[in-house]
Amino acid sequence: MAEDDSDIGFMYLNLLQNLGHHVTLTNDGEKCLLAYIDKLKSIIKTKCQPKSEQPFGTVILDHKMPKKDGFEVAKQIISINPHQRVIIASGYSKDIFDEAGKHFNIPIEVLQKPFSRMTLVKLLQ
């Protein structure tokens, strides 16, 4: 999960951990991408993991973040691993991301801000 607002990030971190999820939280797009690549390398390195295993069940990205925005990180993650599930959380219109996803041919989901904790939980299930 990448969220530059620490209060929001920790709120969702606690929620998801309490539900049994393992969460990696970063505060900017660049750190998120590095964490993703490190996790992917560790899976490849062990080779005892099935090829179908994803580094993370879902990558949740805030749209507006320092260093790299959520859409830019999503494009890079999908280019590395086209099967990774990616959700972008944004206050912008969902239509903008639907069009951009089609244009760049990347499968992203959009979570419209503001959203409730239960909306996030249901989307992840």
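The values are calculated or read from the model by the stated rules, or taken from the named source; none is laboratory data. This one's a predicted model, so the numbers in the text were calculated from it and none came from an experiment. No Cβ is skipped: glycine too gets one built from the backbone with ideal geometry, and neighbour counts run over all protein chains shown. Just the protein is used for accessible areas: all its heavy atoms, side chains included, with ligands, DNA and RNA removed. Shrake-Rupley method; radii C 1.70, N 1.55, O 1.52, S 1.80 Å.
Restricting the first residue to the range 102-125 and requiring it to be closer than 13 Å to Asp62 by Cα, which pairs with a second residue that is at pLDDT below 80 and surrounded by 13 or more Cβ atoms within 10 Å (Cβ to Cβ) meet a Cβ separation below 6 Å and a spacing of at least six or different chains?
Ile108/Gly101; Val110/Lys94; Val110/Phe97; Gln112/Lys94
Suppose we keep only residues that are more than 14 Å from Ala89 (Cβ to Cβ) and of a type in the set (Gly, Ala, Ser) within the range 1-41. Which one would you say is surrounded by the most Cβ atoms within 10 Å (Cβ to Cβ)?
Ala35
Out of (1) closer than 19 Å to Ile8 by Cα; (2) at pLDDT 85 or above, what's the single condition that is false for Phe56?
Failing condition for Phe56: (1).
Across the range 58-89, what is the total count of residues that are surrounded by 15 or more Cβ atoms within 10 Å (Cβ to Cβ), assigned to a helix (DSSP H, G or I) and of a type in the set (Val, Ile, Thr)?
The total comes to 3.
Checking Pro55 against (1) in a loop (DSSP other than H, G, I, E, B); (2) free of Cβ contacts under 8 Å to residues at least 40 places away in the same chain; (3) surrounded by fewer than 18 Cβ atoms within 10 Å (Cβ to Cβ); (4) within 15 Å of the chain's Cα centre (by Cα), which single condition isn't satisfied?
Here Pro55 clears every test but (3).
Quick one: what pairs do we get from the range 9-34, first residue within 17 Å of Thr119 (Cα to Cα) and modelled with pLDDT under 95, second open to solvent by 80 Å² or more (accessible area, probe 1.4 Å) and of a type outside the set (Val, Ile, Thr), C-beta under 8 Å, 6+ apart or different chains?
Met11/Arg117; Tyr12/Arg117; Leu15/Arg117
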